[in-house]
Ligand code: NAD
Ligand code: ZN
Ligand code: ZN
């Protein structure tokens, strides 16, 4: 089968022909119907050899959807031909966090060597992918897999961050969304869908700000040294009750710190490597800072239901497997509008 792999440190993604994987006992093979590209793939492919822990070659694709194609020994209760989204942050399945469906916070996954597909285990950017357990599949029903595959990460991750700050998103409150890329453009829509808060979107690119307005942002602010002052102005000096930073670089974390309101939340979602100092004389009274990771199984179901009722709509650029390197180059250059999706 064809697959998109990261094979050599420092060298980008490559198209290769590899053997079609067989599902082992308890596993399920999907014929991939869609796989999304995430900026985290570039984080992984940018790591130096000494801090790279994902194995080589790595089949990319931690946003995946597919049709059940073959069942491993002992798998029951799942039909061949069914259409599913893949829940990516796999955990041990036995601990307290996993019992709550919050496998993204499984404290044992690392020690057990359990890694998500596309971030250690072979991912979905291929014609077929093998899933470890049927609990990692969420039925899509009539949803178009190409339209919704990115909700498995670009939807689930902002949804999880936003729902954990939902008590800050009361009517009259302000939410700031920094970085209106794959995650951010879904984040704006989720805030609009689950709250009556006013949304201010921030990005370095005018085109991304236009996309932000299109998907429901009330105000847009160009990123830079003047952004914090502008946000203070738009909130009558109060600041924002919740700030979601989908870039996470030092300049955006500084904007978050300078704009969070008293008793407000900062959620650092982007892994740009910036740091935020929290404490008296640095952050306002009562402010919280959090670095959320991905989301829970039930939250994936919920964000798919938001798509089902038309409250969330991913802006998708479609590519074939052969075009994946070109799509990755566009993502690297900030040229993707919404999310790039490979359709094998
Ligand atoms: P993307 O490239 O699609 O979007 C990033 C956006 O941020 C772009 O619109 C870009 O113009 C904007 N941006 C960059 N620098 C900026 C700045 N200084 N000020 C304002 N905006 C700026 O990326 P994505 O796939 O949406 O991922 C966003 C980030 O989230 C990445 O760092 C990614 O690795 C991370 N991520 C984290 C999790 C998690 O679980 N925490 C999950 C998925 C992705
Ligand atoms: Zn991702
Ligand atoms: Zn666990």
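Listed values, structure above:
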read-out: Selection status of residue 255, closer than 24 Å to residue 44 by Cα, within 10 Å of ligand 1 (Cβ to nearest atom) and touching a residue at least 60 places away in the same chain (Cβ under 8 Å); value: no
read-out: In segment 49-95, residue nearest to ligand 3 (Cβ to nearest atom) [restricted to those that are surrounded by fewer than 24 Cβ atoms within 10 Å (Cβ to Cβ) and on the phi > 0 side of the Ramachandran plot]; value: 93
read-out: Unique residue being away from ligand 1 (no atom under 16 Å from the Cβ), assigned by TED's automatic domain parsing to the domain that holds residue 38 and closer than 24 Å to residue 56 by Cα when the list is 112, 119; value: 112
read-out: Neighbours by Cβ (under 8 Å, 6+ apart or cross-chain): first from segment 289-309, modelled with pLDDT under 95; second not in a helix (DSSP H, G or I); value: none
read-out: Of the criteria (1) in contact (Cβ under 8 Å) with a residue 40 or more places away in the chain; (2) closer than 30 Å to residue 316 by Cβ; (3) surrounded by fewer than 19 Cβ atoms within 10 Å (Cβ to Cβ), which one residue 5 fails; value: (3)
read-out: Identity of the residue in segment 70-100, assigned to a loop (DSSP other than H, G, I, E, B) and within 16 Å of ligand 1 (Cβ to nearest atom), that ends up farthest from the chain's Cα centre (by Cα); value: 91
read-out: Top-ranked residue in segment 32-42 [being assigned to a helix (DSSP H, G or I) and near ligand 2 (Cβ under 9 Å from one of its atoms); ranked as surrounded by the most Cβ atoms within 10 Å (Cβ to Cβ)]; value: 41
read-out: Leading residue by the ranking (farthest from residue 203 (Cα to Cα)) among those in segment 171-184 that are surrounded by 24 or more Cβ atoms within 10 Å (Cβ to Cβ) and either outside the structural domain of residue 209 (by TED's automatic domain parsing) or over 11 Å from the mean Cα position of the chain (by Cα) (or both); value: 174
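The values are calculated or read from the model by the stated rules, or taken from the named source; none is laboratory data. A quick note: this is a predicted structure, and the numbers were derived from the prediction, not measured. Note: ideal-geometry Cβ built from the backbone for every residue, glycine included; neighbour counts use all protein chains shown.
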